[in-house]
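In what follows, a structure is listed as structure tokens, so that the remarks can point back to it.
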Amino acid sequence: MPINFLRDLAKRIIPTWRQYVTPKLLPLISTIPIGGLMVAALSLWGFAAIADEVLEKETDKLDTSILLTIRELHTPVLDRIMLGITFLGEPEVLLMLCILAIIALLILNRTAQTTMLAIAGFGAIALNYLLKDLFARTRPALWERTLDVTSYSFPSGHAMISLVVYGAIGYLLASQFKAHSRLIFSLTIFIISAIGFSRLYLGVHWPTDVVAGYAAGIVWLLACMLSLEVWQRRKSVSVSASQK
């Protein structure tokens, strides 16, 4: 009796799926970048693996060893350079940059891009504060620091939020100026990498804080970018269908 019921139910559902759902869903599914989903999944796995090791204090020796090695690079001139670079990743700076970019997009009437950037930037800031409070990891104290910080350490907010904000702006610029996309992406990667390294140089983060910040940032940024891509392509499919 249950088998007959399920067979009858399937006979009713499958034709409906094929007739109404499949023609609308398949064009959208085919446009989702599989590579982006794989990178996001790998980044999420990486963050979870690092977080697990951090909670069990399995990374303390490696973190300490790397920071002490970087400490040997210190010079007065490099100190000032790193302070300038780390300033580019301050939450207040990133927030202002995000707001200015949003205003510019609103002036250009780019509603979808404006929404994506707002969700990416503000969401990254909120998510980072949530994760910091969740893990409550203390910052390194291996030497006297020139930069005073009081918040928790894991994951690095400079790494995570700068990746999301600079990454989102770089993505939007590269989409608009495709002829210069390589230069835009190269500069974006350089700025994000330099900010992460500056946090290690200044001794305010453990290396795993920065790596985890990048991993979490990639997941959030790709989620926002893929959502924008799907929305734009869905709109394109709808316009094409209406013109037929």
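Values quoted throughout were computed directly from the atomic coordinates according to the rules given, and no laboratory measurement underlies them. No experiment lies behind these values; they were computed from the predicted model shown. Every residue, glycine among them, receives a Cβ derived from its backbone with ideal geometry; neighbour counts consider all protein chains shown.
Worth a mention:
- For the pair segment 194-234 / segment 48-100, the C-alpha centres are spaced 13 Å from each other.
- Loop sites in segment 97-147: chymotrypsin sites (Phe, Trp or Tyr not before Pro), DSSP, at most 16 other Cβ within 10 Å: TRP143
- The aspartates and glutamates whose alpha-carbon is closer than 16 Å to the alpha-carbon of LYS61, local same-chain residues fewer than 8 away aside, are ASP52, GLU53, ASP209.
- Take 85-91, 202-208, 184-190 and order them by the average number of nearby Cβ atoms within 10 Å per residue, most first; the result is 202-208, 85-91, 184-190.
- Segment 94-244, relative contact order [Cα under 8 Å, separation at least 6], %: 29
- For LEU83 and LYS178, the difference between the fully extended length at 0.36 nm per residue and the C-alpha to C-alpha distance is 30.9 nm.
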